[in-house]
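Report on the structure given below.
The values are calculated or read from the model by the stated rules, or taken from the named source; none is laboratory data. For clarity, every value in this text was computed on a predicted model and none was experimentally measured. Here the Cβ positions follow ideal geometry from the backbone for every residue, glycine too, while neighbour counts run over all protein chains shown. Side chains included, ligands, DNA and RNA excluded: accessible areas come from the protein's heavy atoms. Shrake-Rupley method; radii C 1.70, N 1.55, O 1.52, S 1.80 Å.
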Amino acid sequence: MANLINEAEIRSTWSPIIESATGINDASKLAWMSEYCHNHKLYEDANIMSLSNNPGPMNIGGMGAVAFPSDFGGIGAAGTADGSGDKAPTLLPLAMQVAAQTIGLDLVPVVPMAGPMGLLSYLDFVYEGGRLDNAEAPLYIKTANAAVGTDDNVGTSRIDGKNILRIEDALDVQGGETSIASRYPDAELVAALDDHIPGFVGQADGKPFDRATGESTADNLMGLSLFSKAIEAKTYQVAAAVTREQVQDLKQFGVDAVAQVEAVLTNELTQTINDLIIGEIKTLAEANMTASGVNLDVQFQGLATAAAGQTEGSEHRKVLTGILAAANLIANRGRRGAGNFAVVGPQVATLIQSVAGFVPNPFANTATQAAGAIYPVGSVAGVQVYTNPKWSWSYNQVLVGRKGDGNGPGLVFMPYLMAESVQTIAEGTMAPKVAVKSRFALVAAGFHPETQYAEFTITTPSSALDMINIA
C-alpha cells in the first residue's frame, strides 16, 4: 500500500506520539519509526473487518470457531488451518515498544515495508565499452582464468581475487569465438566501485593523454547494471495464556496479568530479533575476513605479569586499536566509509570502560565508566560500542560494522508489522490467550555486503581468557 502523504507530514504527525510513548528522541530513529507507524495505521484502517471462509451449517457462512491462522492449538494440522475471521487488534503501542527495545536496529539501517513483499533494487557501475555476449568485446573483464594470447593481466580484484584482464586480442571468429565469453566462460564485467582501473580514462599505464592523442582517441564507456531482489516478510510468533484466577487475583496487587504477558512476549521478540541481526553481522564479518586475508587479532602479554614498561591500561588500550583497525579495514574494503559501531561481550566492555581515562597515552573516546550499562557503552574514535549481555563473560570476539543509510551494501532491516497482537478467550476454560506476531525482512542488500563488517579476536598467550587482573 503506497504512502499517500509526504515524509515531512508523516514525521510531524508521529514523532510527538513516539517520543511520548517510548522516550526516543534520536532523529534517525524517529524518522523510520514515523514511517513505520504510518504504514501500520494504513494496515489497521484497511482491515476493519475480514470474513471467514469456513462454510456454516446455514445458507450464510458464520464466523465459526475461534482459530489463529498459524494454529496455536487450533483446528487441523499445525500451520495449515485457515484462521477465523476475527479482527486481529494490531496494537500500535506494542509495536512501538518492540521497535524501541530492539537494540539491533541501531546497528543496521531500517527501511519500513508498506506490504508483506516487494522488490529491493540496487545498481552497479561497470567498465563496459563492449558486451560479454556478442562480438563487441569490453575493454576489461574479470575472470578466474589466466590471460589468453596477448590479453594483459592488469591485476586482481581486491574483493574476490579474480584476474582483471585488458582484452587485446581480437575475437577469433574462425576459431569459434563469437563473444568474449567463448574465450573466458566465467567472464564478468569489472565493477568500478569495487576495483578502480586508472587506465580506463587515459593511457593503459594510467597516465593522461597529451592533447593530440586525446583529440583522436574515442572515449571508453562505462555502463550501469540494475538488479533487483525479491523481499518477503518473514515471521516470528509467540503466544501465552493466563488463567481467569490469575487475572482476578492479581488485580488486588494492581497487576494487569494480560499486560504482563504482553511485556514478556515483547521481550521474547526483541531478543530474538537482536540475536538474528547480530548473527547475520557475524556471518558477513567472517566472510569478509576470509576474503581479505587480513588478521586483526589482538594478543595480550598476560596482565598478571605484564612485560617491562607495560601496564594494565596499556594492555587494555590494544582493544581500542583493534576496533580502530577493523573500522579502517571496512573503509578500505567497502569504500563507503569507515566502520561506525562495534559489538562486544561484557568483559571486553569492561576493558574499554576501564581505559576511558588512560591519560599517559590518550585515545579519543566517550566510554562511560558507570557499571551496568546494558547496551550502549560509549564511543571509541567515533565508533559506537554496544554490549551484548547474552554473550558469556569470556566471549573474546569483537564485531565491527558500518551502519549505512539503506542505499549502499550491507544488512537492511525492513519491518512490515513489528508486533501484531491477537487476544482471544479459550472456549474450555474461558481464560485469556495472547499471541504476538512480528513480520519483517532482514536483507543482505547490494553488491558485496560483507565488506561492511569485520571482526577480530582477543587472545592471551595462555589458554585462559580472563583478561582482567582483579587480584
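Only strands (runs of 3 or more DSSP E) whose full extent lies in region 114-225 are considered here, and the ones with at least 1 residues that are of a type in the set (Ser, Thr, Tyr) are 117-127, 140-143, 152-156. Any residue in region 397-404 that is open to solvent by 30 Å² or more (accessible area, probe 1.4 Å) and more than 30 Å from Leu123 (Cβ to Cβ)? Yes, that holds for at least one residue. The residue pairs whose first member lies in region 126-149 and is over 20 Å from Val173 (Cβ atoms) and open to solvent by less than 30 Å² (accessible area, probe 1.4 Å), whose second member is in a loop (DSSP other than H, G, I, E, B) and among the basic types (Lys, Arg), and whose beta carbons are closer than 9 Å, counting only pairs six or more residues apart or on different chains, are Lys142/Lys162; Thr143/Lys162.
When region 197-224 is filtered for residues that are within 23 Å of Ser121 (Cα to Cα) and either without any contact (Cβ under 8 Å) to a residue 60 or more places away in the chain or open to solvent by less than 30 Å² (accessible area, probe 1.4 Å) (or both), only Gly223 remains. If the condition is being over 10 Å from Val400 (Cβ atoms), open to solvent by 30 Å² or more (accessible area, probe 1.4 Å) and touching a strand residue (DSSP E or B) at 6+ places or on another chain (Cβ under 8 Å), then region 312-335 contributes Lys318, Thr321.
Taking the residues in region 227-262 that are within 30 Å of Phe413 (Cα to Cα) and out of contact with any strand residue (DSSP E or B) (no Cβ under 7 Å at 6 or more places or on another chain) as candidates, determine which candidate is surrounded by the fewest Cβ atoms within 10 Å (Cβ to Cβ). Out of the qualifying residues, it is Ala259. Could you tell me whether any residue of region 428-438 is buried (at least 24 other Cβ atoms within 10 Å of the Cβ), in contact (Cβ under 8 Å) with a residue 60 or more places away in the chain and touching a Lys or Arg at 6+ places or on another chain (Cβ under 6 Å)? No, the conditions are met nowhere in region 428-438. Just a yes or no: is a residue in region 414-426 in a loop (DSSP other than H, G, I, E, B) and free of Cβ contacts under 8 Å to residues at least 60 places away in the same chain? No, there is no match, as no residue in region 414-426 is in a loop (DSSP other than H, G, I, E, B) and free of Cβ contacts under 8 Å to residues at least 60 places away in the same chain.
Are any of the residues in region 359-377 in contact with a Leu (Cβ under 9 Å, 6 or more places away or on another chain), in a strand (DSSP E or B), within 23 Å of Asp297 (Cα to Cα) and modelled with pLDDT of 75 or more? No, the conditions are met nowhere in region 359-377. In the set (1) open to solvent by 70 Å² or more (accessible area, probe 1.4 Å); (2) under 29 Å from Leu105 (Cα atoms); (3) in a helix (DSSP H, G or I), the condition left unmet by Gly279 is number (1).
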